[in-house]
Amino acid sequence: MTPVRLSGKKILLGITGCIAAYKAGYLLRALIREGAEVRVVMTKSACEFVKPLTFETLSGQPVGVGMFPQDRFVSVHHIHSAEWADLILVAPATANTISKVASGICDDLLSTTICAAQSPVMFSPAMNSFMWTNPIVRENIEKLKSLGYFFVEPDEGDLASWAKGQGRFPETDAIVEEVVRILNISADFDGQKILVTAGPTHEFIDPVRFIGNPSTGAMGYAIAEAATARGADVILISGPSQLIPPQVSEFCSVVSTEQMAEAVMSRVEDCGIVIMAAAPSDYTPEVSYSKKIKKSGRARSIKLSPTIDILREVSKLGDKKTLIGFALETDSEITNARKKMRDKKLDMIVVNNPKETGAGFGKETNKVSILAGKGKPVKLPLMSKRELANKILDQIKSLKAK
């Protein structure tokens, strides 16, 4: 008999007004098969697609819809439900509900319960691809991620409008696996102090021009967020980024490579794990002009000097820190990554190739290989940076256990 993985877990399933609401019935049954106790809260719009009776029959529990139902006494329903749940799972989650939660709006039973949540909250969005890519919706999703809310990315495929694109409700198994992962994550980094760097650095030529790269900081931010969720005390040092910083023990914003080096070296002493996910500039102009260089018809040259090598400086400390570096290589990735490991005395390195589809700067996904010691590279498939962050932490945990 297959062992159940959610035995004793209490899940509040929120269902919102989307054509995929009918698929929530299959999800509910799958969660129950895994041993979970499931209660359902529906928005009034969801009731236009599937009647509450369906979910009452499947769950064996009353379904909450209105804040003030006429047929039963519910006391402070949203508070009690929030305290009861080990996880609040909103599936399907519409753009409307996601945006309401991001804005702190509590105008129905589901949004009010989420606002009072004492447990992790996970969204499984489903919507038209144009809504999924709407910049306001994307901003709200990034805001919620930065605050510690979890997301299961929607699939690509046929949509209700007969169009094709991203926004399709994920397969039931994919949602269940993510639920199992979140509810079974232990505080395995409890007591660990971790320093994470993220983002690019900018080396200014004059007040309006700089040398930099397209790094967004997403990978480092995801690692910092995941490490915090797993109990670590995290210091995040970030170059310029448009992302909202996750909730960490300390957040430090810098601009140049020199500033990042100073921030790292002044904080690294007490950190047992150092994860250098930033992409600092390798060179800086020898002269930074105080006034904007005016355009002219003649060619100009800029003399560059190497910037400080932060990884190398940390490795010189010689104490028993676990040092993890990142490498972006366009050719001979493994060979070049191993050389970087040796030269900078790294315990582990994460390497990726920006030529790979879905990898590199500015993407929500990444595809990497992880090298530790003299072992064979661990090649990971394309996945979200949030998922990859936990894979990297898993590898660090295995490395420290040896």
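Which members of the range 332-354 meet the condition of being under 16 Å from residue 379 (Cα atoms) and more than 22 Å from the chain's Cα centre (by Cα)? Working first, answer last.
Taking the range 332-354 and keeping what is under 16 Å from residue 379 (Cα atoms), we get 332-338, 348-354.
Passing the criteria: 332, 333, 334, 335, 336, 337, 338.
How about the range 137-155: which of its residues are free of Cβ contacts under 8 Å to residues at least 24 places away in the same chain and either in contact with a Lys or Arg (Cβ under 9 Å, 6 or more places away or on another chain) or buried (at least 19 other Cβ atoms within 10 Å of the Cβ) (or both)?
155, the sole residue that qualifies.
In the range 383-392, which residue that is touching an Asp or Glu at 6+ places or on another chain (Cβ under 8 Å) and either of a type outside the set (S, T, N, Q) or under 18 Å from residue 273 (Cβ atoms) (or both) is surrounded by the most Cβ atoms within 10 Å (Cβ to Cβ)? Break it down into steps so the answer makes sense when it comes.
Kept after step one, since they are touching an Asp or Glu at 6+ places or on another chain (Cβ under 8 Å), are these residues of the range 383-392: 384-386, 389.
Checking the rest, the ones that are also either of a type outside the set (S, T, N, Q) or under 18 Å from residue 273 (Cβ atoms) (or both) come to 385-386, 389.
Details: 385: 21, 386: 20, 389: 27.
My answer is 389.
Does residue 399 satisfy being farther than 20 Å from residue 149 by Cα and modelled with pLDDT of 90 or more?
Details: farther than 20 Å from residue 149 by Cα: yes; modelled with pLDDT of 90 or more: no.
The answer is no for residue 399.
Please verify whether the range 22-43 includes one or more residues that are among the hydroxyl-bearing types (Ser, Thr, Tyr), modelled with pLDDT of 95 or more and not in a helix (DSSP H, G or I).
Looking through the range 22-43, at least one residue is among the hydroxyl-bearing types (Ser, Thr, Tyr), modelled with pLDDT of 95 or more and not in a helix (DSSP H, G or I).
Find the helices (runs of 4 or more DSSP H) located wholly in the range 289-402 whose residues include 2 or more that are in contact with a helix residue (DSSP H, G or I) (Cβ under 7 Å, 6 or more places away or on another chain), and list them.
Once the helices (runs of 4 or more DSSP H) in the range 289-402 are filtered for at least 2 residues that are in contact with a helix residue (DSSP H, G or I) (Cβ under 7 Å, 6 or more places away or on another chain), what remains is 310-315, 385-401.
Listed here are the residues, each with its yes/no results for (1) within 26 Å of the chain's Cα centre (by Cα); (2) in the same structural domain as residue 66 (by TED's automatic domain parsing); (3) not basic (Lys, Arg).
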site: 5; (1), (2), (3): yes, no, no
site: 14; (1), (2), (3): yes, yes, yes
site: 23; (1), (2), (3): yes, yes, no
site: 28; (1), (2), (3): yes, yes, yes
site: 31; (1), (2), (3): yes, yes, yes
site: 34; (1), (2), (3): yes, yes, yes
site: 43; (1), (2), (3): no, yes, yes
site: 50; (1), (2), (3): no, yes, yes
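Mind checking which residues of the range 234-251 are modelled with pLDDT of 95 or more and buried (at least 19 other Cβ atoms within 10 Å of the Cβ)?
Within the range 234-251, 234, 235, 236, 237, 238, 239 meet the criteria.
The values are calculated or read from the model by the stated rules, or taken from the named source; none is laboratory data. Note that the coordinates shown come from a computational prediction; the quantities given were computed from them, not determined experimentally. Glycine gets a Cβ as well: all are built from the backbone with ideal geometry, and neighbour counts include every protein chain shown.
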